[in-house]
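Contents: one structure, followed by commentary.
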Amino acid sequence: MYRSAAMSDSIELQHLAEDDGDEVLRFEQPKQRCRKYPYLGLVLAALSAMFFSLCSAIVKWMSDVNPVALAAYRFIGVLLPTIPILIHQQRPCFPKGKRIMLILRSFTGTTALMLSFYAFRHMPLSDASVIVFSVPVFTSIFARMFLKEPCGWFNVFSVIVTLIGVVLITRPPMIFGNTIASLGDNGQAPEIWGAVAAFSSTLFGANAFVILRALKDVHFSVIMTNFGTFALFQCLIVAYFIGALCLPACGLDRYLIVALAVFSFLGQILLTIALQLEQAGPVAIARSTDIIYAFIWQVLFFEEVPNRFSIIGSILVMSSVILTGLRKWVLTLPFDAPARRRLRFIAKE
């Protein structure tokens with residue numbers, strides 16, 4: 001049972017390329033480099049988190065461009081590099097028996113990204129990043145519901161702690177009353193919808209990872225091509241109907257769109273190499289630095305200082321994510337490994 005859980009967790013992290021749900025490219029593992037620089041994988045994972053957090057900051061900064069339009073530009077960068085790989089691999093673009101799952105994966109992943117972009121625009125950057133980044137914690141719940149995978153006390157505890165953290169970040173008036181400022185106070189009602197979008201993005205993202213587990217036998221180029229094509233059309237259709245389909249008139253905004261694509265690509269590649277050099281669990285822990293970067297960009301670029309409730313909520317969510325990543329690592333260790341014996345309470349179902 002532990003080996004099965006470890007395998008499924010590893011598959012999840014292989015596909016956890018960013019808060020946008022992309023898959024990672026597979027290359028041969030550079031074992032010699034890993035032995036020479038034992039912590040290189042963790043460093044690259046932290047750098048990957050930095051680039052992805054910069055993407056979030058760009059989405060928040062470009063207030064003149066609708067988040068759905070930015071998502072469409074983002075998916076162009078997902079699709080174009082994947083088509084040559086699909087052609088080179090000579091894989092069927094839309095294989096029989098997997099079509100419904102491919103469509104569902106594309107829809108959930110695309111919706112998760114659009115909602116996260118909306119959250120980045122209408123919430124404090126750190127708060128939105130914390131909620132969106134809690135995807136791995138909720139994946140186990142949906143895996144239990146749809147794939148009948150085991151879901152023990154540890155997963156339930158992580159979800160409860162994460163939900164408490166989300167409540168502290170959003171501070172709904174029905175719980176905190178009118179004595180404590182909540183998101184949406186002072187006429188900033190869109191922040192309430194930003195919080196709803198962030199949490200909805202988490203749920204859609206968790207379902208996307210569960211579907212990816214069911215598609216583990218499908219080559220990544222097939223998944224990426226379907227994902228990029230479906231996502232691009234979905235974003236263009238939504239942007240058209242809401243009147244958000246446009247190119248930025250300002251030269252700086254156009255440079256920022258290019259930077260959005262470049263940073264996404266760099267974050268993708270760095271995470272790919274990190275997963276080749278290091279196990280999935282430690283990489284997930286290193287990627288939690290995304291939250292720290294979000295706090296830095298929020299103060300540095302937007303001059304928004306988080307309050308004590310946001311800080312406490314972020315610590316709770318970040319702790320759940322780190323413990324989830326630690327558990328993934330422990331489950332990959334041999335049964336007689338000293339670290340597994342010391343942390344056996346984490347590995348229990």
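The values are calculated or read from the model by the stated rules, or taken from the named source; none is laboratory data. Values in this document were obtained by computation on a predicted structure and should not be read as measured data. Note that we place each Cβ from the backbone using ideal geometry, even for glycine, and neighbour counts take in every protein chain shown. Note: areas computed on protein heavy atoms with side chains; ligands, DNA, RNA excluded. Shrake-Rupley method; radii C 1.70, N 1.55, O 1.52, S 1.80 Å.
Restricting 94, 138, 157 to those that are of a type outside the set (Lys, Arg) and within 17 Å of the chain's Cα centre (by Cα) reduces the list to 138.
Quick grid of which residues meet (1) surrounded by fewer than 18 Cβ atoms within 10 Å (Cβ to Cβ); (2) at positive phi; (3) not small (Gly, Ala, Ser):
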| position | (1), (2), (3) |
| --- | --- |
| 83 | yes, no, yes |
| 88 | yes, no, yes |
| 103 | yes, no, yes |
| 111 | no, no, yes |
| 114 | no, no, yes |
| 126 | no, no, no |
| 129 | no, no, no |
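What about residue 136, is it open to solvent by less than 60 Å² (accessible area, probe 1.4 Å) and part of a loop (DSSP other than H, G, I, E, B)? No, not satisfied. Residues that are under 30 Å from residue 171 (Cβ atoms), of a type in the set (Phe, Trp, Tyr) and open to solvent by 60 Å² or more (accessible area, probe 1.4 Å) within segment 298-341 comprise just one, 301.
Matching residues to (1) open to solvent by less than 10 Å² (accessible area, probe 1.4 Å); (2) more than 21 Å from residue 66 (Cα to Cα):
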{"residue": "199", "(1), (2)": "no, no"}
{"residue": "202", "(1), (2)": "yes, no"}
{"residue": "206", "(1), (2)": "yes, yes"}
{"residue": "232", "(1), (2)": "no, no"}
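Across segment 329-339, the qualifying residues are those that are in a helix (DSSP H, G or I) and at pLDDT 75 or above, and the one among them that is farthest from residue 133 (Cα to Cα) is 338.
Which one of these is in a helix (DSSP H, G or I), of a type in the set (Asp, Glu), modelled with pLDDT of 70 or more and within 19 Å of the chain's Cα centre (by Cα): 253, 290?
After applying the criteria, what remains is 290.
With respect to the conditions (1) closer than 30 Å to residue 343 by Cα; (2) part of a loop (DSSP other than H, G, I, E, B), residue 91 falls short on a single one, namely (1).
Residue-by-condition table, conditions (1) modelled with pLDDT under 80; (2) touching a strand residue (DSSP E or B) at 6+ places or on another chain (Cβ under 8 Å); (3) in a helix (DSSP H, G or I); (4) open to solvent by less than 20 Å² (accessible area, probe 1.4 Å):
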{"position": "32", "(1), (2), (3), (4)": "yes, no, yes, no"}
{"position": "38", "(1), (2), (3), (4)": "yes, no, no, no"}
{"position": "50", "(1), (2), (3), (4)": "no, no, yes, no"}
{"position": "54", "(1), (2), (3), (4)": "no, no, yes, no"}
{"position": "60", "(1), (2), (3), (4)": "no, no, yes, no"}
{"position": "64", "(1), (2), (3), (4)": "no, no, no, no"}
{"position": "70", "(1), (2), (3), (4)": "no, no, yes, yes"}
